[in-house]
Ligand SMILES: [Zn+2]
Ligand SMILES: [Zn+2]
Ligand SMILES: [Zn+2]
């Protein structure tokens with residue numbers, strides 16, 4: 001098993017093939033453990049999502065997917081996305097209605113997603129302490145929390161360094 005790839009490294013230039021390999025390897029392992037099949041469709045949807053660190057929408061995915069299956073329908077993509085999200089391999093970014101691949105799906109984590117509004121890359125960081133404190137604050141007022149979405153919009157390390165001319169995707 002490859003190591004978790006941390007979000008600090010990812011924000012700079014890195015060997016992105018490692019990210020893809022890690023995601024695919026983890027997907028195989030999770031499916032094996034759950035006794036489900038990583039079908040060709042599920043696998044290629046995951047690969048398309050993991051092609052870079054940008055959040056990608058379902059219809060954009062459909063367009064790309066049609067390169068290999070011109071007859072693919074939205075439901076094909078939605079079913080694959082549901083499966084991948086359920087397995088923790090893909091996260092939905094609510095504020096963009098788009099998806100990113102998870103690079104730590106093999107471990108339990110409570111993440112916040114950092115979204116760069118310039119290059120559109122999105123990264124996960126572990127935000128467990130934030131979840132804990134918000135959950136306990138809500139319990140203080142007898143509210144039973146069930147889910148929490150943490151998405152931060154801003155500028156990534158790479159865009160902050162290189163300024164406006166940067167428009168690369170890693
Ligand atoms: Zn990468
Ligand atoms: Zn994740
Ligand atoms: Zn950026």
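With the requirement that a residue be within 12 Å of ligand 1 (Cβ to nearest atom), outside any loop (DSSP other than H, G, I, E, B) and surrounded by fewer than 19 Cβ atoms within 10 Å (Cβ to Cβ), what does region 9-40 give you?
First pass over region 9-40, keeping only residues within 12 Å of ligand 1 (Cβ to nearest atom): 9-23.
Applying the additional criterion that residues be outside any loop (DSSP other than H, G, I, E, B) yields 9-10, 16-23.
Hits for region 9-40 are 9, 16, 17, 18, 20, 21.
Of all residues in region 117-146, those that are more than 16 Å from residue 7 (Cβ to Cβ) have Cβ atoms under 6 Å from Cβ atoms of residues that are within 16 Å of ligand 2 (Cβ to nearest atom) and at pLDDT below 95, 6 or more apart or on another chain, in 131/110; 131/148.
Would you check if there is a residue in region 69-87 being away from ligand 1 (no atom under 16 Å from the Cβ), assigned to a loop (DSSP other than H, G, I, E, B), more than 17 Å from the chain's Cα centre (by Cα) and surrounded by 14 or more Cβ atoms within 10 Å (Cβ to Cβ)? Checking region 69-87: at least one residue is away from ligand 1 (no atom under 16 Å from the Cβ), assigned to a loop (DSSP other than H, G, I, E, B), more than 17 Å from the chain's Cα centre (by Cα) and surrounded by 14 or more Cβ atoms within 10 Å (Cβ to Cβ).
Have a look at 119, 102 and point out the one that is away from ligand 2 (no atom under 16 Å from the Cβ) and under 16 Å from residue 53 (Cα atoms). Talk me through it step by step, then tell me what you get.
On the way: 102 fails: away from ligand 2 (no atom under 16 Å from the Cβ).
Exactly one residue qualifies, and that residue is 119.
Please work out if residue 152 is more than 25 Å from residue 30 (Cβ to Cβ), within 16 Å of ligand 3 (Cβ to nearest atom) and in a strand (DSSP E or B).
Criteria met by residue 152.
Within region 112-126, which residues are in a strand (DSSP E or B) and either within 9 Å of ligand 3 (Cβ to nearest atom) or within 20 Å of residue 57 (Cβ to Cβ) (or both)? So that I can check it myself, show each step before the final result.
Step one: of region 112-126, the residues in a strand (DSSP E or B) are 112-116, 121-126.
Matches in region 112-126: 113, 114, 115, 116, 121, 122, 123, 124.
Note on region 88-108: residues that are assigned to a loop (DSSP other than H, G, I, E, B) and touching a residue at least 60 places away in the same chain (Cβ under 8 Å) total 7.
From the set of residues in region 1-16 that are within 20 Å of residue 48 (Cβ to Cβ) and modelled with pLDDT of 75 or more, which is farthest from ligand 2 (Cβ to nearest atom)? Step through it out loud before you land on a result.
In the first step, residues of region 1-16 are kept if they are within 20 Å of residue 48 (Cβ to Cβ); the result is 5, 10, 14-16.
Checking which are modelled with pLDDT of 75 or more leaves us with 10, 14-16.
On the way: 10: 12, 14: 17, 15: 20, 16: 17 Å.
This residue is 15.
Of the residues screened, residue 43 is not one that is at pLDDT 95 or above, away from ligand 3 (no atom under 16 Å from the Cβ) and either assigned to a loop (DSSP other than H, G, I, E, B) or under 24 Å from residue 134 (Cβ atoms) (or both). When residue 49 is tested against (1) exposed (fewer than 14 other Cβ atoms within 10 Å of the Cβ); (2) in contact (Cβ under 8 Å) with a residue 40 or more places away in the chain, exactly one condition is not met: (1).
What residue, among those in region 157-166 that are out of contact with any helix residue (DSSP H, G or I) (no Cβ under 9 Å at 6 or more places or on another chain) and either in contact (Cβ under 8 Å) with a residue 24 or more places away in the chain or within 21 Å of residue 6 (Cβ to Cβ) (or both), is nearest to ligand 2 (Cβ to nearest atom)? I'd like the intermediate steps shown before the answer.
Taking region 157-166 and keeping what is out of contact with any helix residue (DSSP H, G or I) (no Cβ under 9 Å at 6 or more places or on another chain), we get 158-165.
The next check asks that each one be either in contact (Cβ under 8 Å) with a residue 24 or more places away in the chain or within 21 Å of residue 6 (Cβ to Cβ) (or both); those that pass are 158-162, 164.
On the way: 158: 20, 159: 22, 160: 23, 161: 25, 162: 26, 164: 30 Å.
Only one residue tops the list, namely 158.
The values are calculated or read from the model by the stated rules, or taken from the named source; none is laboratory data. All values reported here derive from a predicted model rather than from experimental measurement. A quick note on method: Cβ atoms are made from the backbone with ideal geometry, for glycine too, and the neighbour counts reach across all protein chains shown.
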